[in-house]
Amino acid sequence: MIRINLLPHREQAKKARREQFIVLAGLVSVLGALVVFAGYTLIGGAISNQESANSFLKSEIALLDKDLDQIKRLKEQTQALLARKQVIESLQRDRGETVYLLSELVKQVPDGIYLKSLRQDGLKVNITGYAQSNARLSALMRNLEASPWLEAPQLIESKAVVLNGRRANEFGMNFVLTRVQAEEVKEKK
């Protein structure tokens, strides 16, 4: 027997495909919405985690900045203390220089030389005075050169003057005060 289907099978197939398409479109849209929701949730979580990490880092940076400021102040105080220490050490070292200078001048200035002024600027010393003759002035320069405390005598000026009715030479001279340790002076004597 032959069977003939008189039902509209094409319309039923279309309807079935349409229902299938609608179900699939609904599933895809639900799946798309779930993916978008999951994406937004993950990105939002990552952003909040990064913001909390940034705020933690900012607070730690602020603490470290305070520590750096404190370290900077301590370094400045250390430098100030070191500068004070160096000044005190230089004063300790230099406190006897004037005594040595005057003691050496008494020893090295020959008879016939009269000092009028003495000026010290650091290690450089300038003297002015009167000499009875050029030979005595030369002897003073040799004595200063041979001294362990005085060196590099340099005659600036020597001119003839009349002093109390006597002929004399007025002179100006520079020399340098040497920093010699006390042990070295004892060895030279």
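Against the test of being free of Cβ contacts under 8 Å to residues at least 60 places away in the same chain, of a type outside the set (A, V, I, L, M, F, W, C), surrounded by fewer than 10 Cβ atoms within 10 Å (Cβ to Cβ) and assigned to a helix (DSSP H, G or I), the options Arg10, Arg3, Arg18 yield a single qualifying residue, Arg10.
Evaluate the following for Asn169: is it modelled with pLDDT of 85 or more and over 19 Å from Leu102 (Cα atoms)? Yes; evaluated as a whole, the condition is true for this residue. Taken over segment 172-183, the residue count meeting the criterion of being out of contact with any helix residue (DSSP H, G or I) (no Cβ under 9 Å at 6 or more places or on another chain) and modelled with pLDDT of 85 or more is 3. I'm trying to understand the selection: among the residues of segment 94-143, which are of a type in the set (Val, Ile, Thr), in contact (Cβ under 8 Å) with a residue 40 or more places away in the chain and either surrounded by fewer than 13 Cβ atoms within 10 Å (Cβ to Cβ) or over 23 Å from Asn164 (Cα atoms) (or both)? Val125, the sole residue that qualifies.
The single condition among (1) under 41 Å from the mean Cα position of the chain (by Cα); (2) over 17 Å from Val176 (Cβ atoms) that Lys124 does not meet is (2). Restricting the search to helices (runs of 4 or more DSSP H) fully inside segment 70-189 and requiring at least 1 residues that are aromatic (Phe, Trp, Tyr) gives 97-108. Of all the listed residues (Arg84, Arg95), the sole one being within 30 Å of Leu140 (Cβ to Cβ), of a type outside the set (A, V, I, L, M) and within 41 Å of the chain's Cα centre (by Cα) is Arg95.
The values are calculated or read from the model by the stated rules, or taken from the named source; none is laboratory data. Just so you know, these numbers come straight off a predicted model, no measurement behind them. No Cβ is skipped: glycine too gets one built from the backbone with ideal geometry, and neighbour counts run over all protein chains shown.
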